[in-house]
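The values are calculated or read from the model by the stated rules, or taken from the named source; none is laboratory data. Treat the numbers as computed from the prediction; the structure is a model and nothing was measured. Positions of Cβ are generated from backbone atoms using ideal geometry, with glycine treated the same way; all protein chains shown enter the neighbour counts. Ligands, DNA and RNA are excluded from the accessible area calculation, which covers all protein heavy atoms including side chains. Shrake-Rupley method; radii C 1.70, N 1.55, O 1.52, S 1.80 Å.
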Amino acid sequence: MALSYLGPTALGMINAIDTSPHCITFTYLNTLGQSIPDNVTSISSIPDDVQGYADNMRQHYKHQPIVAIDWPPRIGKDFFGRLALVEKQDSSTQAKSAWHILRGQVDKTVKLTENKEISVEDVLQPTDSSLSLRVVIDGPPGIGKTTLCRKLLNMWSNGPLVHQQYDLVLYCPLRNSKIATATSLADLFVRQLNRYKNVPEWFEERDGEGLLIIFDGWDELSDQLRQSSLAASIICKEKLDQCSVIVTSRSYASSSLLKMDTLSRHVQVIGFCEDEISTVIIQTLQKDTKLAQELINENTEQDKWQLKYGKYKFHFTTTQSSKDSQLAVKLINDLKVRNDVQSLCYVPLVCSMVILVYCKEGGRLPTTLTQLYESFILQTIRRHVKRHDINPHTLGSLSSLPSQLAKPLQEMCQLAYTNLANTRMTFSSHQLQSLSEAVKEDYLGLMTRFTEYDEEKYQFLHLSIQEFLAAWWIVTKYEKKTEEVFKDHFDDDHFRMCLRLVAGLTHLEHESYQQYFNKQQLDLQCKRKPLFGFETCHLSYFYQNPEISLPAIREAILYDHISSDDFDNVPILLLQLLYESQNTTLCQVLAQSINNHSLCLYKVSLSLFDLLCLSYCINNSNTTWNHLHLDHVSNKELSVFTAGLTNNSLQTQCKRLEGWLGGSTDELIHKLLQSSLLYNIQECYCGLGGGQYVPCLVLLQFLNLPQLKILHLIMSSPTIPTVDNTCYTDKCTELEKCIEMNSTLQEMKIRYRGLGKITSTIISVIRGVTRNKTITLLTIYMYVDIPPPPLPDGVIEQLLKDNNTLQALSLDIHDYLLPSSLNIVEVNTPLTALEIGEEVWSFKLMTSSLLPHIKGLHCLILHDPYPPHLLFLSHPSLHTLTLPLDTAESAIELFTILQTNTALKALSVEIEEKRVYTSSMGTSLQDMLTQNQTLKYLEIVSWCIPSSFLSFLTTGLRHNTSLQQLSLSIPLNEEIRTFINVISQKNSLTELKVNFKPDKSCSNCSKEGNKQIMTPLFYEQVLPAVTNMLQSHTTIRLLRIGCSIINEESSQPNWIELVQHLYETIFIHPSLEYIEINTEYPTPLLVDTLKNQKKTLIDRHRKEKPHKPLPIVNISYS
């Protein structure tokens, strides 16, 4: 709205109030009784020359094409793809991107957890705090960042933008050296016209108000200019703080921008999603629009079916017989396996290229990206030589081009390399003068021409094309040796993709390349929480490798690991280079560099392509892997990993496999176990989450592995397909016979949780074990949501009577799955360890039926109460005991027996009822601790020991000389000082687990009220007390401190000092190996303080304790 539109009345009113442009507008609107539109935030009167320059730029932008290329063919409705608004977060979290273009290569496309899709119009929506915006737009090359900028310019040229009206929009490509090195605002006015020479000064006087500057290509600035330049000053609001700025960047270079305090909004150009890639493929290959839409609908319905019913159908299938439809379906399925190529297809321009090459190659994807780009470039050259006297079909490869094409290609490759080395992606006409006329005629179709501010510019069709041509130059014509250039650029982010293509062209055959893969003692082994004393005693009876079977991980097998900086050691870039080079010798070199031939992928974020690269490396390693831990892999990830295991040679083997396989199927498990890698596997620790399979058939597949000694298999909530009853019965019989005849299996743990139809399988397992001659350790857990028929009479009785090898038996079979009674008469099984049930269910029938008939146990784990005197009468040599105590009398009875018992070494008592804690019970515990000199490990499992009871425990501990481990939960109050002071004096006590709970004074408080009380107590009492204890106690090895009810976001300066003091004490402690501090949620104060101090602490440790391993500090939450 201009002033000329206002009537005299309105003008008079304006003159009486305020004449600033901002007030003119809003006063006028208010006077007329109109509401101020939400989409208008600035309307001002500007000088004629400013208006004239703006009109001139509008015309320029309006006639500038938004998308200026025609090869490869355009696809997709929006060339720049979708936009995602990213909530401002710590930029360090960006590396956890859930999707990316090429993992570990040039671009790591950021995706944080709070993304939401936005429209182009919303990019410039004002924030609550400011109209002056600083918007960062990032994404990979070719995704359409520049196209998005041109779209915004076009929108502005056609009328006001939705949310803000800008007097002028300047497009400033940072690849332009004049703009990159500009020293004044006038220098950014590349389109300079004398009649408008005062325009820059007008905006400077207003500190940029009404001006939008688009800086395109932050990544193309040198490091020096990113630190100090006019563009950097404007972006950081050091200059022109009232203007708005959009700055685009490739993702790898945007981290410094995302750290700015002035950042208003972070937007990613994210291209096509996986579903859209499928849609684009179908629409491109199937020309019949009706068939194409039907095929799209089929694909959508199959995706919905997978999500709803968990069918995990990996491949897309169609009922259409059309060749074009079949070709589209095949490409969609191929891309699911070839994630490296699919990742490229997120970029619309490259997606078109992939479809083109796929068709030209007869419906086949090239093995490597190098082959893909070579094929595309060859197709492009063929397209552009049709006008010459050359038959395009005679061009078989780039290396065999006729001379009239080979020489121009060499010139193009030299141009590509020279400019890539100088991070230059666009070229002016004079920079191409040295090229021959044959090149300049059409640049072999590999370059595109565009006009920028009346200057003709050139660039390759896509950065990756330039990178391939640069790689071709390095390998074929560069005067320096290829391996020297590879070394020079190995750590250069700009050259990551180029070097990957060099690897594909050279196959990295020169011996000098081995230096990158020969990593001495690359430690990628599992980093597990250490076992405390009682856990070791308990689990050693039931498992050969107790560290892999912590009780806390019954639902999964992944949470016993410690977060470690070593996760970054997994050489993902090297794995990608191996795959691109297809060099099997280097696979062996890298495998030999891995310490103990043990590889753990816990918390290592791998794309599908990374898994393909990993399986290629393992497949060709000619190595016996001692341990492969796959962490949690989905159905799709396992399919890709398994697809890469094609080597039938038995030179590549795996002794132990560990992992949680999500969404598995019978077929997929069969493919995995049939691979030669696992043919001679000896130990298998696998969890199957969800999926669709028949438990009986899965067990058969695992048990048919010829060298298997240990099998731990968790089957959680599978969808069990309908199987013919006769067939199912036959398979159960086969399973029973398979277990009976197995002569290698020594340890088996089967855990099942889900719906019914499992009884027959469990019967077969138990009957098979009954007649087996080698299994010594058996664990069976059954949780069935819909109870199936109970076990028939005699199954468990026959096991205990006829089996003569079992030494340890753990049965977690609920009473409702048992027959109405167990008629156990004779027990011949040589058991030394028995566990019945878990904490959740009642197992009274099993407990009361078994225990009277079993004698001489060394380890007994019960979860139902049982009279202590009967236990020790039947098992006088009991070494390890877990026993619930539901009355004070039973507790007194137990502790009285233990006053004189000299056999028991490890005791865990479970106390749920407060009524158990009487003074008489406290006295008996105190006397037991005072008199017993052989008990080493004591756990009191209880919500919280009452304050009144703590004094009994403290007094008993003061006189005890044998305890090495103590675990308990105590109230957080003043009395903890006395308790910890006593602990500080007990040098025999080397392992301590203490959970701090709210005192009874907090019993009437809400959870938030408890947090307000507990948080200062934790930082101001617990942590200083622990610090003092560590300074006094010189022999403690393992320490775990838990306090779940604290405010994880709270922080005070003195708390930071107390945490720092604790960490300093930990790292110079003479004996401490492991400390865990556990809270309910992640606690930034604990985590960040350790992170900030860690380097200093490690340096101090190495100086003062050079011969002691670094202590492990685990800040966990649960």
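Just a few scattered comments:
- Taking label points 7 Å from Cα along the Cα-to-Cβ direction, LYS480 and SER428 give a separation of 2.8 nm.
- Using the average count of surrounding beta-carbon atoms within 10 Å as a protection proxy, the listed peptides 59-65, 744-750, 1103-1109 rank, highest first, as 744-750, 59-65, 1103-1109.
- Whether the stretch 978-1097 is rounded, prolate or oblate, judged on the alpha carbon gyration tensor where a/c under 1.5 counts as rounded: oblate
- For a modelled paramagnetic label at GLN707, 7 Å from Cα along Cα-to-Cβ, no residue of the stretch 567-590 is in reach, as no backbone nitrogen comes under 11 Å.
- Of the solvent-accessible surface of the chain, computed with a 1.4 Å probe and all protein chains present, 49% belongs to carbon and sulfur.
- For GLN1012 and SER1032, a Förster radius of 30 Å and the Cβ-Cβ distance give a FRET efficiency of 0.45, rounded to the nearest 0.05.
- Per-residue packing, averaged as other Cβ atoms within 10 Å, sorts the ranges 175-186, 537-548 into the order 537-548, 175-186, beginning with the highest.
- Per-pair calculated FRET efficiency, R0 = 60 Å: THR900 and ASP275 via Cβ, rounded to 0.05: 0.25
- Charge dipole (debye, nearest 20) of the chain; +1 at Cβ of Lys and Arg, -1 at Cβ of Asp and Glu: 1680
- Cα gyration tensor shape for the stretch 331-443, rounded if a/c is under 1.5, else prolate or oblate: oblate
- Percentage relative contact order, the stretch 915-968, counting C-alpha pairs under 8 Å, at least six apart: 52
- Sites ASN1004 and GLU1057 - FRET efficiency at Förster radius 25 Å, r taken between beta-carbons, to 0.05: 0.15
- Probe 1.4 Å, accessible area per residue of the stretch 379-506, Å²: 44
- For a paramagnetic label modelled on ILE824 (point 7 Å from Cα along Cα→Cβ), amide N atoms under 20 Å away belong, within the stretch 768-783, to 768-772, 775-783.
- Whether the stretch 379-506 is rounded, prolate or oblate, judged on the alpha carbon gyration tensor where a/c under 1.5 counts as rounded: oblate
- In this label model, GLN224 and ARG1102 are separated by 3.4 nm, measuring between points 7 Å along each Cα→Cβ vector.
- Summarising the label geometry, the points placed 7 Å from Cα in the beta-carbon direction at ILE390 and ASN725 lie 7.4 nm from one another.
- Environment charge at ALA808 (Cβ cut-off 14 Å; Lys +1, Arg +1, Asp -1, Glu -1): -2
- Value of relative contact order over the chain, rounded to a whole percent, pairs C-alpha under 8 Å and six or more apart: 5
- Considering only THR368, SER908, GLN431, the residue lying farthest towards the positive end of the dipole of the chain is THR368, judged by Cα position with unit charges set on Cβ.
- The relative contact order of the stretch 379-506, computed from alpha carbon pairs under 8 Å that lie at least 6 residues apart in sequence, is 25 percent.
- A straight chain from ASN198 to ASP815 at 0.36 nm per residue would run longer than the Cα-Cα distance by 213.1 nm.
- The stretch between THR289 and SER397, if pulled fully straight at 0.36 nm per residue, gains 35.4 nm over its current Cα-Cα span.
- Heavy atoms of the protein chains alone define the surface here; on that basis the stretch 964-1117 has 45 Å² accessible area per residue at 1.4 Å probe size.
- Additional length obtainable on full extension of the chain from GLN651 to ASP802, 0.36 nm per residue less Cα span: 50.3 nm
- Within the chain, antiparallel bridges make up roughly 15 percent of the DSSP beta bridges whose residues both belong there.
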